[in-house]
Amino acid sequence: MKKLLLIALAAAAAVFANKKMAESRKEQALWAAATDDVSKSS
């Protein structure tokens, strides 16, 4: 029973970490677009 609980806890932690990393990547892309050097495009 303890092993099953441990596996479930590890899976939940992996899902949580994956969501946080995806959120971080989205925010990083947003900042990269917002702070892009404007002089390159002119």
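The values are calculated or read from the model by the stated rules, or taken from the named source; none is laboratory data. Quantities reported herein were computed from a predicted structural model and do not represent experimental measurements. Remember, those area values only see protein heavy atoms, side chains included, never the ligands or the DNA or RNA. Shrake-Rupley method; radii C 1.70, N 1.55, O 1.52, S 1.80 Å.
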Per-residue [θ]222 nm for the chain (sum of -39500 (n - 2.57) over DSSP H runs n ≥ 4, rounded to 500): -28500 deg cm²/dmol
³J(HN,Hα), Karplus 6.51/-1.76/1.60, whole Hz, each residue of region 24-29, x for Gly, Pro: 5, 5, 4, 5, 5, 5
Protein accessible area in the chain, 1.4 Å probe - carbon and sulfur %: 68 percent
